[in-house]
1. Could you sort out which of Lys359/Lys396; Lys125/Lys218; Lys322/Lys431; Lys152/Lys412; Lys125/Lys382; Lys126/Lys359 sit more than 30 Å apart by Cα distance in this structure?
2. For Gly248, what charge total do you get from the other residues with a beta carbon under 11 Å from its beta carbon, if Lys and Arg give +1 and Asp and Glu give -1?
3. Beta carbons within 10 angstrom, averaged per residue: use that to sort the peptides 375-383, 61-69, highest first.
4. What is the calculated FRET efficiency for Ala376 to Asp241, with r their C-beta to C-beta distance and R₀ = 30 Å, to the nearest 0.05?
5. Restricting everything to alpha-carbon atoms, can you work out Rg to Rh for the range 142-291 with a Kirkwood hydrodynamic radius?
6. So how do 360-372, 416-428 stack up, highest first, on mean other-Cβ count within 10 Å?
7. Would you work out what percent of the accessible area of the range 269-332, with all protein chains in place, is carbon or sulfur (probe 1.4 Å)?
8. Summing Lys, Arg as +1 and Asp, Glu as -1, what charge do residues with Cβ under 15 Å from the Cβ of Met279 carry, Met279 excluded?
Amino acid sequence: MPALYPRELVAGSNPLQGVHFVLNSAAVAGLLGGEEAIASMAAVHVFGGRTWATGLVWYNSPGSYSMGIRFMRLARSASPAYDHGKVQTDLAALFEYNGWKGPKFTAVHSGTCMQDTGHIAALLKKECAELTTIAGEAEGRVSRPVSVTIAKLGRPPEANAEVRSPVRYMTYFASIPVIISIVTCVLSAVYFDWYAFAIIIFGIIANGSGSMVLGSGKFLFSHPEPASGSPPGDGILDFDDGVVLLEGAEGAVNAVTRGRFFLLFESKYASHALGFCSMFLIAQSLAMLILISQSSFFGQLMFVISLAFSWAYNFWVWTHDKEAIQRQILKNILGNPVFTKFILKTRTSMLVFVALALKLKREEEIMRVFVIPSTAVWDKWKGIVIDRLTTGRELKFEDRDWNCNGFSEEEKTLLKALLNDAMVGYDLFKKHEDAITG
């Protein structure tokens, strides 16, 4: 009995019944894995910088269509840089490194208030939130525990600082898919499977050229430089579960609150090169659908093997914690800041602790920290505590401090509890004063 082929199961005539062309799943497999391929490019060229590793990405990679779309976004984000003849692009368009919304920031000395900060502040907040070492924990009543992390920033970074990779070892393993892609391409030519040979080498050139263009840019960190004579940049990043106290020069604090990552290309034609790579990658994905189905089983096997090794490498890179890598980059840029974390049981204790940790003595500076309800009890509490802070007296309270004329028993009880909270914050600060102010 003769073999029954799948296309013979179609009954009746159709307009293209004389065409001997078959689409198969091997070509479709090449369209998958876009996120992993993009992560691979980021690791080698963004985290790796402009090194010899730029040449280690000439392999047939899956996900060319997704990469082509991302390259087009990057090309469209290009804008002239301040340096003549150079072009800068938004990294969020390709690798999504500038897309996070950061917490509110208040500068306690200058009074500057930013309702929303950016990606860098969000990274620092996440770094502080995940700290497991607690320097001290307050006692007293518990209402809503909050954390206070003191971040002592190092020297201010340069206005445009080139980023150095903390994970350069990733680039060495890229040689594995390169070798496999070359071997499968050569074997396809040796056995005269020119369709497989063409699509593999097309993939090598498309992925390699895109990576070379991307690798020609410098991965930079940028922030605005403060005016000379600016006051210290100390301030507060405020979020739901606590605060981060930024201590350092205005330039260092600007790097956190207003810094960003971007790619700087030396050539003013970089956007055209990125657009060409985008079209090249998309064309490769379409050609793959057409050509690989015309190759023999051996050629299709070579094609799938080249994709399998490339995908395995891309997936390995993708599994790395990109957020943790960005946070390590940020710490390197900021001069490896020192973090000290405390836990307080009430927000009232936290306010007093923050004012003491930032060494605030002027009433207007303390008022920027004491954002509290405007009621008779809270106003009385604020007046008592601010008076003690501005005069440098101890925050120790007695019955006469909360037994105020005109207050009901409930209000006196509440004021007593709030003043006790203030004492708890004061006691925690005094206990760790050397570590905080040192």
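1. Lys322/Lys431; Lys152/Lys412
2. -1
3. 61-69, 375-383
4. Working from the Cβ atoms, E equals 0.55.
5. With Rh from the inverse mean 1/r over Cα pairs, Rg/Rh is 1.21.
6. Result, highest mean first: 416-428, 360-372.
7. Accessible surface attributable to carbon and sulfur in the range 269-332 totals 76 percent.
8. Residues close to Met279 contribute a combined charge of +3.
The values are calculated or read from the model by the stated rules, or taken from the named source; none is laboratory data. As the structure is a computational prediction, the values presented were derived from the model and not from experiment. Glycine also receives a Cβ, built like all others from the backbone with ideal geometry; neighbour counts cover every protein chain displayed. Ligands, DNA and RNA are stripped out before the accessible areas are found, and what is left, the full protein with its side chains, is counted by its heavy atoms. Shrake-Rupley method; radii C 1.70, N 1.55, O 1.52, S 1.80 Å.
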